[in-house]
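What follows is one structure encoded as structure tokens, with my remarks underneath.
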Amino acid sequence: MGEFVRLEVEDGIGTIRLDRPKMNALNVQVQEEIRAAAAKATERADVKAVIVYGGEKVFAAGADIKEMQTMSYTDMVDRSGPLQSSITAVARIPKPVIAAITGYALGGGCELALACDFRVVADDAKLGQPEILLGIIPGAGGTQRLARLVGPAKA
């Protein structure tokens, strides 16, 4: 499938596995591969449910800050739509989707987890939206999904 994201199917369960060492940063390529894996999970009749998994140490650490440093404001605006739609592609899979969260799920990684129907979270996992400390808002629906999931006061 993709270089960093693949759909593995066994016994009716499709696992969208993120594997971009070391932190599963969601660069442009990973975003596109997530979209492709979500489309494949949607179309395959043998997939009855989907697990999104990033590995033992990190689910996904969010945006690739190194990649973002080279982008202009207009580049960032141009990428915002595709970023949102890659996460939304997971939310639109018409089958149960479970985020299996171990390690860090930060920024876009947290938004990816929020796009799933269910979240199974390890005791030592760390979830958050640290981009707010940089003066930017979550760019892939996190502000809406988090408030809908836990309520505005907790969000």
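The values are calculated or read from the model by the stated rules, or taken from the named source; none is laboratory data. Source: prediction; values computed, not measured. Here the Cβ is made from the backbone with ideal geometry for all residues, glycine too, and neighbour counts use every protein chain on show. What goes into the accessible areas is simple: the full protein's heavy atoms, side chains included, and nothing from ligands, DNA or RNA. Shrake-Rupley method; radii C 1.70, N 1.55, O 1.52, S 1.80 Å.
The table below lists the values:
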quantity	calculated
Cβ crowding within 10 Å averaged over residues, with 8-15, 86-93, 46-53, 111-118 ranked highest first	111-118, 86-93, 46-53, 8-15
Ranked packing of 23-35, 66-78, most packed first, by mean Cβ within 10 Å	23-35, 66-78
Amide H contacts under 5 Å for K126, placed H, 5+ residues apart	G103, Y104, A105
Length added when fully stretched, V28-Q69, from 0.36 nm per residue minus Cα-Cα	13.4 nm
About the Cα centre, charge dipole magnitude for the range 1-93 (Lys/Arg +1, Asp/Glu -1 at Cβ), debye	160 debye
Farthest toward positive dipole pole in the chain [+1 Lys/Arg, -1 Asp/Glu at C-beta], among A25, V121, P152	P152
Equivalent ellipsoid semi-axes - Cα gyration tensor, the range 29-94, angstrom	26, 15, 8
Å² per residue, accessible surface of the range 1-136 at 1.4 Å	53 Å²
Gain in span if fully extended, T88 to A39, counting 0.36 nm per residue against the direct Cα distance	16.5 nm
The chain: radius of gyration over Cα atoms, expressed as a fraction of 2.2 N^0.38 Å	0.98
Heavy-atom accessible surface of the range 1-107: percent carbon and sulfur, 1.4 Å	55 percent
Value of [θ]222 nm, deg cm²/dmol, for the chain, DSSP H segments ≥ 4, -39500 (n - 2.57) each, nearest 500	-11000 deg cm²/dmol
